[in-house]
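Colleague: Here it is, the structure, as structure tokens.
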Amino acid sequence: MPSPTSQPTTTPQTPADPHPHLTALRTRGFIHIPSLLTPPELATLRTAAATLTATARAGGWPHVRTVGKQFPPWDASLVPERAGIWGVQHLLHPDLPVGVQERGGLGGVYFHGGLLKVVGEDGGELTMELFNMLVRPEGVGVAASGERAFELRWHRDDIPATATAEEEVARLKGPDDKYVHTQWNLPLYDDDSLIVIPGSHARARTEEERNAGPYEEYITGQVRVQLKAGDVVFYDNNILHRGVYDVAKERATLHGSVGHVSASRERARNVLQHGVGEWVDRCDFSVLKDEKQRKTAEAMRQRLVQLGRENEGKDVGFSLEG
Ligand SMILES: O=C(O)CCC(=O)C(=O)O
């Protein structure tokens with residue numbers, strides 16, 4: 001059965017609600033906002049993205065997601081001889097070949113007011129988290145494990161499929177919990193790779209979802225998120241979701257997450273498992289031209305440094321395996 005597609009949400013669900021985006025995120029688990037970036041912004045960013053992707057595909061950037069493996073850690077030594085890539089990690093890394101503002105502006109997007117406004121809608125102090133880019137999978141085939149290399153299986157980012165219903169409910173946000181972080185996808189080219197099950201971020205899996213195969217093509221209620229270049233979808237990373245990629249279609253989808261400082265403890269594993277603690281204290285945001293944006297970026301960075309310090313020497317582990 002073909003998947004229905006999502007419609008952009010432009011108006012608040014309830015006009016009186018002071019936090020309409022956070023409410024929409026809490027109730028549906030995702031919210032699709034059109035046209036965050038303008039065509040000239042997209043043109044500049046595409047150039048930077050293409051350079052970075054080519055460097056990473058050639059083995060010139062060690063922080064990549066390798067085809068055939070869905071979750072961290074990834075082994076960059078496999079690239080390019082033995083594996084292609086489906087993602088470039090750490091767009092805020094101080095050593096990035098194409099970096100912040102003056103070198104193409106990819107890093108600056110992370111601090112775009114339109115992105116921060118959603119998670120900061122209720123005035124919470126924000127922490128810098130993850131900023132990566134998902135790209136057209138290359139070197140695609142069937143991995144040695146027999147796994148189909150260019151589709152992601154159904155998952156929640158921070159709860160393993162082996163969890164019982166009770167464990168799922170204990171880990172998921174309840175209807176009265178404050179919304180304190182979000183993940184987002186912002187494509188530089190039209191992108192319909194992401195499939196989600198609306199509402200699944202707030203309940204245990206149904207029997208159908210629990211019994212579905214890892215690459216089940218249709219699960220009741222699933223929605224394919226149809227993004228135009230420059231749109232953004234915010235989602236709860238524990239919504240049941242997967243990625244289905246068309247390897248012939250260009251993809252450069254900025255993929256980030258932001259949290260409130262109050263969420264830091266629960267977010268520590270999500271964030272630090274990607275290794276950001278190793279370089280965050282070397283980030284230099286003085287290249288950001290706008291003073292307000294620069295101050296915001298520095299304050300968010302400091303909060304991540306603090307999160308790293310609190311977890312120093314601890315093995316935060318990995319959320320998922322495979
Ligand atoms: O490719 C996508 O849009 C989804 C990525 C994803 O599910 C993940 O990174 O866990």
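The values are calculated or read from the model by the stated rules, or taken from the named source; none is laboratory data. Note that this is a predicted model, so its numbers are computed, not measured. All Cβ positions, even for glycine, are placed from backbone atoms using ideal geometry, and neighbour counts span all protein chains on display. Please note that ligands, DNA and RNA were not included when accessible areas were found on the heavy atoms of the full protein model with its side chains. Shrake-Rupley method; radii C 1.70, N 1.55, O 1.52, S 1.80 Å.
Colleague: Whether any residue in region 67-75 is free of Cβ contacts under 8 Å to residues at least 24 places away in the same chain and either open to solvent by 40 Å² or more (accessible area, probe 1.4 Å) or closer than 15 Å to Arg251 by Cα (or both) is what I want to check.
Modeller: Initial filter on region 67-75 (free of Cβ contacts under 8 Å to residues at least 24 places away in the same chain): 74-75.
Still in the running and either open to solvent by 40 Å² or more (accessible area, probe 1.4 Å) or closer than 15 Å to Arg251 by Cα (or both): 74-75.
The answer is yes, given that some residue of region 67-75 is free of Cβ contacts under 8 Å to residues at least 24 places away in the same chain and either open to solvent by 40 Å² or more (accessible area, probe 1.4 Å) or closer than 15 Å to Arg251 by Cα (or both).
Colleague: In addition: Given the options Thr51, Thr127, Thr55, Thr47, name the one that is β-branched (Val, Ile, Thr) and not in a helix (DSSP H, G or I).
Modeller: Going through Thr51, Thr127, Thr55, Thr47 in turn, the sole match is Thr127.
Colleague: Further question on the same structure: Identify all residues within region 169-198 that are open to solvent by 20 Å² or more (accessible area, probe 1.4 Å), under 26 Å from Asp231 (Cβ atoms) and at pLDDT 90 or above; write none if there are none.
Modeller: Once the filter is applied, which keeps residues that are open to solvent by 20 Å² or more (accessible area, probe 1.4 Å), under 26 Å from Asp231 (Cβ atoms) and at pLDDT 90 or above, region 169-198 yields Tyr189, Asp190, Asp192, Pro198.
Colleague: Please work out which residue is farthest from Met133 (Cα to Cα), limiting yourself to region 238-273 and to residues that are at pLDDT 90 or above and among the polar types (S, T, N, Q).
Modeller: So, considering only residues that are at pLDDT 90 or above and among the polar types (S, T, N, Q), the one farthest from Met133 (Cα to Cα) is Asn238.
Colleague: Hey, another quick one. I'd like the full set of residues that are of a type outside the set (Asp, Glu) and either closer than 26 Å to Arg269 by Cα or more than 12 Å from the ligand (Cβ to nearest atom) (or both), limited to region 245-259. I'd like the intermediate steps shown before the answer.
Modeller: Start the filter on region 245-259 by keeping residues that are of a type outside the set (Asp, Glu), which leaves 245, 247-249, 251-259.
Once the filter is applied, which keeps residues that are of a type outside the set (Asp, Glu) and either closer than 26 Å to Arg269 by Cα or more than 12 Å from the ligand (Cβ to nearest atom) (or both), region 245-259 yields Val247, Ala248, Lys249, Ala252, Thr253, Leu254, His255, Gly256, Ser257, Val258, Gly259.
Colleague: Still on this structure, I have one more. Among the listed residues Asp190, Asp176, which satisfies the condition of being more than 18 Å from the chain's Cα centre (by Cα) and more than 10 Å from the ligand (Cβ to nearest atom)?
Modeller: Asp176
Colleague: Which ones in region 226-244 are near the ligand (Cβ under 10 Å from one of its atoms) and farther than 17 Å from Leu172 by Cα?
Modeller: Listed by number, the residues that qualify are Leu227, Val233, Arg242, Gly243, Val244.
Colleague: Another question about this same structure. Specify the residue that is nearest to Asn270 (Cα to Cα); the eligible residues are those in region 150-163 that are open to solvent by 60 Å² or more (accessible area, probe 1.4 Å) and away from the ligand (no atom under 12 Å from the Cβ).
Modeller: Residue satisfying both the conditions and the ranking: Ala161.
Colleague: Looking only at region 31-75, count every residue that is out of contact with any strand residue (DSSP E or B) (no Cβ under 6 Å at 6 or more places or on another chain) and over 21 Å from Trp86 (Cα atoms) and tell me the total.
Modeller: 9
Colleague: Return the residues of region 55-78 that are more than 15 Å from the ligand (Cβ to nearest atom) and in contact with a Phe, Trp or Tyr (Cβ under 9 Å, 6 or more places away or on another chain); say none if nothing qualifies.
Modeller: Thr55, Ala76
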